[in-house]
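Working notes for the structure below.
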Amino acid sequence: MSEEQAAVTPFEHLGGEAGVRGLVDRFYDLMDLEAAYAGIRKLHPATLDGSRDKLFWFLCGWLGGPDHYIDRFGHPMLRARHLPYAIASSERDQWMACMIQAMEETSVDPALAARLAEAFFGTADWMRNRRD
Ligand code: HEM
C-alpha cells in the first residue's frame, strides 16, 4: 500500500457522508426485509428513522470522519446504551450478517469490507450482554 493510500480513512474510502449514509440505509432496509434478521429487527422501534440517523452519525466518527454522534450526545457508551436489549451470540451474528450483506450490496471494496467486518465484529461481540 502506498503512503497516500494508507492516509485515506475508511470514511473517505467509503465515499464520505453519502457513502456511509448509503451503507446505513441498506443495513436497515435489509433488517426490515430479511427474515434472517427478524430477531434483531424486533429489538428496534417500529420506525427505524431514529436508528438510521444515530448509526450514521456514529459511524462517520468511528470510520475516521466527522464526530457527529459525539457532538450531539457526548461519549457513545455503546455497551451501556445496548444493555436494555438482550444481545447474545445469535443477535451479534445477525447484526454482523446484515452489515456484511449491506457492504456487499453497496459495493464496498472487498478488502475494505473484510477489514471493517473484523472491526465491527470486535464491537458487536463486546455488546453481548446475555448468555446463549
Ligand atoms: C451486536 C448486535 C447489535 C444489536 C442487536 C443492536 C441493537 C440496537 C438497538 C435495538 C438499538 C436502539 C435503536 C434505537 O434506539 O432506535 C441500537 C442502538 C445503537 N446501536 Fe446497536 N446493536 C448491535 C450492535 C451495534 C454495533 C456493532 C454498533 C456500532 C458499530 C452499534 C451502534 C449503535 C448506535 C450508535 C446506536 C444508537 C445509540 C443511542 O444513542 O441510543 N450497534 N442498537
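Annotations
- In this structure, ARG26 qualifies as away from the ligand (no atom under 13 Å from the Cβ) and either β-branched (Val, Ile, Thr) or touching a residue at least 12 places away in the same chain (Cβ under 8 Å) (or both).
- Test for LEU63: is it more than 8 Å from the ligand (Cβ to nearest atom) and of a type in the set (A, V, I, L, M): yes
Listed here are the residues, each with its yes/no results for (1) touching a helix residue (DSSP H, G or I) at 6+ places or on another chain (Cβ under 9 Å); (2) closer than 30 Å to ARG131 by Cβ.
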| residue | (1), (2) |
| --- | --- |
| ALA7 | no, no |
| ASP29 | yes, no |
| ASP32 | yes, yes |
| ILE70 | yes, no |
| PHE73 | yes, yes |
| SER89 | yes, yes |
| ASP93 | yes, yes |
| LEU112 | yes, no |
| LEU116 | yes, yes |
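- When residues of the range 79-110 are limited to those that are loosely packed, with under 15 Cβ neighbours inside 10 Å and among the hydrophobic types (A, V, I, L, M, F, W, C), the one farthest from LEU33 (Cα to Cα): ALA80
- Residue satisfying condition, being open to solvent by 60 Å² or more (accessible area, probe 1.4 Å) and at pLDDT 95 or above, within set ALA18, ALA113: ALA18
- Residue check for GLY50: within 12 Å of the ligand (Cβ to nearest atom), open to solvent by 20 Å² or more (accessible area, probe 1.4 Å) and not polar (S, T, N, Q): yes
- Pairs with Cβ under 9 Å, 6+ apart, first in the range 106-132 and farther than 21 Å from LEU43 by Cα, second near the ligand (Cβ under 8 Å from one of its atoms) and open to solvent by 70 Å² or more (accessible area, probe 1.4 Å): ALA119/TRP62
The values are calculated or read from the model by the stated rules, or taken from the named source; none is laboratory data. These figures come from a predicted structure and were not determined experimentally. Cβ coordinates were reconstructed from backbone atoms using ideal geometry, including for glycine residues, and neighbour counts include every protein chain displayed. All accessible areas refer to the heavy atoms of the entire protein, side chains included, with ligands and DNA or RNA removed. Shrake-Rupley method; radii C 1.70, N 1.55, O 1.52, S 1.80 Å.
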